[in-house]
């Protein structure tokens, strides 16, 4: 009568895990080696303050413009679709 005893630890079961760890380590090191961060040297210069020419507000062309027509004027002829919840 033969008695079969299962080994708890065997090299045959350990080899795939070790190979997986080695492959994962090689991939990790390859990414670290090939994706080195390049140093970016930026020289920050202060931005110049913009100078806006407001003289167009008193020009004849600006004063000759027509006012934009008011399309919606609230009044008794307009019935709202629903009550404004923020009116209180």
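A few remarks follow.
- Yes/no for residue 41 being within 43 Å of the chain's Cα centre (by Cα) and modelled with pLDDT under 80: yes
- Some residue of the range 10-26 being at pLDDT below 80, assigned to a loop (DSSP other than H, G, I, E, B) and over 30 Å from the mean Cα position of the chain (by Cα): yes
The values are calculated or read from the model by the stated rules, or taken from the named source; none is laboratory data. Every value quoted in this text rests on a predicted model; they were computed, and no experiment measured them.
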